[in-house]
Amino acid sequence: MAEAVRIYPPKPDKVYLFGTCLVDSFSPQTGLDAIALLEHHGIEVVFPQAQTCCGQPAYNSGYDGEARAVARSQMDLFPASWPIVILSGSCGGMMRKHYPALFDHAPEVVAFAERVFEFTEFLRHVVQPTFSDQGAATRVTLHTSCAGRRELGIHEHGLALLDQLQQVQLVPHDYQEECCGFGGTFSVKHADVSAAMAEDKTRNLVGAGVDEFVSTDWGCMLNLNTTLEYAQQPLRGRHLISFLAERIGVTQPLGKADSEKLFAEVAR
Amino acid sequence: MKQQPEAFHPNSTAALADPVLRSNFRGAMEFLRNKRRTAFAGVNTEEGDFAALSRRGEAIKQRCLQQLPELLEQLEQNCTRNGIQVHWAETSQQANEIIESLIRARNGRKAVKGKSMVTEEIGLNEYLGDRGVDCIESDMGEFIVQLAGETPSHIIMPAIHKDAGQIASLFENNLEDTPYTEDVDQLIGIGRQQLRERFQHADVGITGVNFAVAETGTLCLVENEGNGRMCTTVPPLHIAVTGIEKVVAQLSDVPPLLSLLTRSATGQKITTYFNMISSPRKPGEQDGPEEVHLVLLDNGRSQAFADEELRKTLQCIRCGACMNHCPVYTRIGGHAYGTTYPGPIGKIVSPHLLGLDATKDLPTASSLCGACEEVCPVRIPIPKLLQRLRVESNHAGTAEGIVRGAGSGRKPLEALVWKAWAWACRHPAIYHRGASLAAHGRKLFRFLPSRWKTQRTMPQPAQITLHAALKNRQRRSATPCPQEKIS
Amino acid sequence: MSARENILNRLRNGSASHPAMHRNAAHDACGQISHASNVSITTDRMRQQFIELLRANHAQVMETDDLGLAESVVTCLQELGITQLMGSEEVRFLLGEQGEMPIQWQPWPTKGNDAEKKETLFSRTPAAITTATAGIVETGSLVLIPSATEPRSLSLIPPTHLVIIRERDLYPDLENYIAHSPWGLSMPTNIVLVSGPSKTADIQQTLAYGAHGPSKLVVFLVS
């Protein structure tokens, strides 16, 4: 359950970024846009290159030992006292709520968890930006992950940030609070049930009559976008961060140069 | 009753393919959610009725569980003093034997049953039926379900999977001189007529218990229809059956729990009837049963009790709110679970009643979305307990000897995959090389065989990982941004 | 060893493995909703809420006083087309004080065995009247404590149930009532809270009245 009150620090000079494994592999653009947004507001971003995954997939699957080992290795990568900004509600929930439980609430782990902020929460309450919307008029709807909504209680933050954009009409969708059906390995172990949930969720998203939907979790979005693609629906979702970065004109799209470098690297 | 949690996969797939069932459940869950929401939209406290009340409910249940053995002894002592005879049953079989012998002692042949999930749990109807005791369900929903030869699909609304048309046909085909009607008042009238005759001539009334009060030796029963009152008032013998976790210390513990129960279950401030039964008929009294018996059932509950975390399972007051809000239950209904208690609470209770070996597919059948925990009136951390049961299922280790069937869900290949995955996560050079290769070969992803693809396309990695992109940009950029070293 | 010993031993072993938490009810008052302490005066608002909730639950409520009670009962029965009423001698006396009633009074069947009494109640008793010991305002509930003179079946088996409750017996909520409970630790055989006529929503969530208990509940609130 979400904590009742969180006291936020003043805006820091530096933060760590935890990109998450899904952003790393499926949407590096989200990570680049997060960095652009933070830098735009005068915050230096440190991205430890040795980071991999928060350990949540193993934890949710009932492999506590494996999750604990991964968690310990990740915590070691963030030694300075800067806030750790994380690009997903469910990974945020893992680090804030489940890391302490995994380590029997050891003081250093609790202290680590205290430094973890989901991106929209950090943006709204610590950075406290004022946006000037530079995009064309559009209609969007927001899907909040269950971890974000219930574990961290952060679903209000995305709404508040979007609300600042003058040209963006935020449209609610039916059964907003209901799960999209992802749930990590649940979506494979119980694929039928998961797909039925995704089907209902995408129907409600489409029913909202929007140009696109935004979310704060790539887990949900992979589930929803692939369901939409399968159903040959044109609607797609993208991360709220990328949407914001584009609206205020700070996005730096991945270019050809980025990929060319990759080929060279893989070839080496 | 046949328990078939092993068939969860085929059952849930079949349920998903049944549009009538899905629409019946969706509609019913919607109805119950709205009722509950309205019931808690009070103005008693600043943070809202629910947050305050549920904290109190949790505290009461935890305190009572903390002293469970003492409270059970106290309950037994006070019930006995009041003239209620107390029996203990470790298993379903023992409970059934006790109940049968009590009925035999009075030459009873006709039983009426109030709505009680615990008697479903022990399979009482079938047991008594096989031994010549006719046991009729008297709750309207249970009556319908029994007539159809089914089991309840919801712990509060047993016939929620059926619509009026299906019930009309059922009555027409199974009850004498009953024409087809979809008029609900008429259908209830038919049920009333059938059952009043049964109440009048029953030899024994059998019910569950919602709260058993230790300090006074009182059995509390919550209901709307009056069948609970009929079962506990009209027949000469009343047998109450309850799980050992239903005991509370004192009468003052009851009002907050009662309020949470009725609001969570059906959105009512209180049910039509709330019974407090403290003794059989006393000398001079004109009616009521001559004998009252209480059967205290363990059936796996002491297993959950033995572990501090799993013990929270026993806080449950059986309101059904978790299933009403569960995205899985809403889509597959109660029968697919193959257990007496379906939905989120069923997934955490059933492994203790039936063993993890039989129920290993239940704890994994959740996206851990947390909707159940959000509405639980006694704040049971259901997602955490599901995760814990997944651990128990994978490893026979963490709480050795506590959970029956622990380790039965272990799949050697899966365990190996997670071990390898964890190793890779701790070796970033390997991990990132793997991620880069996946990005490179992303077009191959759509050919991967996976159950994921039943109604989804396969997601493809991006052309480049975030790690690689940042490394590249850093190399190209004059200013080290973003930098890796701590300054 | 007996089942009893086995169960208790398992529980005691389970208890022993965990340090005792608080064991006092006073400690779990966190989040307790503040309830009005004993309210000896029934305010208009309480009376109104009590009536509204009962009516919302499909009970008929008649506001009356001692002098008008008998007439209210008669009027109600006439409207319902009921000509006979079962109840205790005490209630008969209470109603009879104002003169002869145009209703056939049906006493509790003292003669015969239980089966015969049941037959009378199930087949030949259209209505019964009882008193309520208290009323719970928060939920609109009547507290019935059946007795030798007002048996349990009176408020259960006949299809119409009439209840007399005095305004001074209203309590703000169940907790408050229990705190002032006159029975101490020696509970009556049966206490039942009644908050409307018998009902069910078991068929397609459609509310229907008169499931098994009385389909008609009439409350006479005496000031």
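Here, each number is a calculation from the coordinates, and none is a lab measurement. Just so it is clear, the model here is predicted, and its values are computed rather than measured. When we count neighbours, we look across all protein chains shown, and the Cβ atoms used for this are built from the backbone with ideal geometry, even at glycine.
Observations on the model:
- Take the Cα of B:E182, step 7 Å toward its Cβ, do the same at B:V20, and the gap between the two points is 1.2 nm.
- Each Cα pair under 8 Å and six or more residues apart adds its separation to the average, and for chain B the resulting relative contact order is 19 percent.
- Translational D in µm²/s for the stretch A:131-247 (Stokes-Einstein at 20 °C, 1.002 mPa s, Kirkwood Rh from C-alpha pairs): 149 µm²/s
- Per residue, the convex hull around the alpha carbon atoms of the protein assembly as shown comes to 175 Å³.
- Among C:L207, C:L53, C:L193, the residue with the largest mean-square fluctuation in a Gaussian network model of chain C, with springs joining Cα atoms closer than 10 Å, is C:L207.
- Global geometry of the stretch A:14-126, whether rounded, prolate or oblate, following the gyration tensor of its Cα atoms and the 1.5 cut on a/c: prolate
- Legend: mean number of C-beta atoms from other chains within 10 angstrom of residue C-beta atoms, peptide A:26-38, equals 4.
- Ranked by the mean number of other Cβ atoms within 10 Å of their residues, highest first, the peptides B:52-63, C:58-69 come out as B:52-63, C:58-69.
- Among the listed pairs B:K162/B:K246; B:K360/B:K411; A:K189/B:K347; B:K312/B:K384; C:K117/C:K216, those whose Cα-Cα separation exceeds 18 Å are B:K162/B:K246; C:K117/C:K216.
- Segment B:R104..B:S450, full-extension length gain: 118.8 nm, with 0.36 nm per residue of separation and the alpha-carbon distance subtracted.
- Only beta bridges with both residues in the stretch C:121-204 are counted; by DSSP, about 45 percent of them are antiparallel.
- Residue-count net charge about A:Q134 - beta-carbon cut-off 13 Å; Lys, Arg +1, Asp, Glu -1: -1
- Inter-chain shielding of A:194-206 (mean C-beta neighbours from other protein chains, 10 Å cut-off): 4
- Counting, for every residue in A:41-52, the Cβ atoms of other protein chains within 10 Å of its Cβ and taking the mean gives 5.
- Cα-based shape type of the stretch B:1-160, given that a ≥ b ≥ c are square roots of the gyration tensor eigenvalues and the cut on a/c is 1.5: oblate
- Taken over chain B, the percentage of Cα pairs per 20 Å bin, counting from 0 up to the bin with the maximum distance, is 21, 50, 21, 7, 1.
- With helices as the sole contributors, chain C gives -8500 deg cm²/dmol at 222 nm; each DSSP H run of n ≥ 4 counts as -39500 (n - 2.57), and the sum is divided by every residue.
- Compared with the alpha-carbon gap, the fully stretched path from C:S223 to C:E52 is longer by 59.9 nm at 0.36 nm per residue.
- Bridge orientation summary for the stretch B:64-302: considering DSSP beta bridges with both residues in this region, about 25 percent are antiparallel.
- Approximating the spin labels as points 7 Å out from Cα along Cα→Cβ, the C:N113-to-C:R12 distance works out to 4.7 nm.
- For q = 0.22, 0.26, 0.29 Å⁻¹, Debye-computed log10 I/I(0) when each Cα of the stretch B:420-476 counts as one equal scatterer: -0.94, -1.04, -1.09
- The peptide list A:205-214, B:218-227, put in order of mean Cβ contacts within 10 Å with the highest first, becomes B:218-227, A:205-214.
- A:C54 long-range amide H proximity, modeled H, under 5 Å: A:C21
- Debye log10 I(q)/I(0) at q = 0.17 Å⁻¹ for chain C, Cα point scatterers: -1.23
- Sum of side-chain charges, B:C372 neighbourhood, beta-carbon under 14 Å (Lys, Arg +1; Asp, Glu -1): +4
- Largest-first principal axis extents of the Cα set of the stretch B:56-147 (Å): 41, 30, 23
- For the stretch A:1-74 versus the stretch B:210-226, the spacing of their alpha-carbon centroids is 51 Å.
- Taking amide H as placed 1.01 Å from N in the peptide plane, B:V247 has its amide H under 5 Å from the amide H of B:A212, each at least 5 places away in sequence or on another chain.
- Relative contact order %, the stretch A:117-268, counting alpha carbon pairs below 8 Å whose residues are six or more apart: 25 percent
- Between B:L416 and A:E39, the simple spin-label model (points 7 angstrom out along Cα→Cβ) gives 4.5 nm.
- A cut-off of 5 Å between modelled amide H atoms, ignoring neighbours fewer than 5 places along the same chain, links B:T178 with no other residue.
- Three-way shape label, chain A, alpha-carbon gyration tensor, a/c 1.5: rounded
- Packing order of peptides C:122-129, B:378-385, A:86-93, highest average first: A:86-93, B:378-385, C:122-129 (average count of other Cβ atoms within 10 Å over each peptide's residues).
- Of all DSSP bridge pairs formed entirely within the protein assembly as shown, close to 25 percent run antiparallel.
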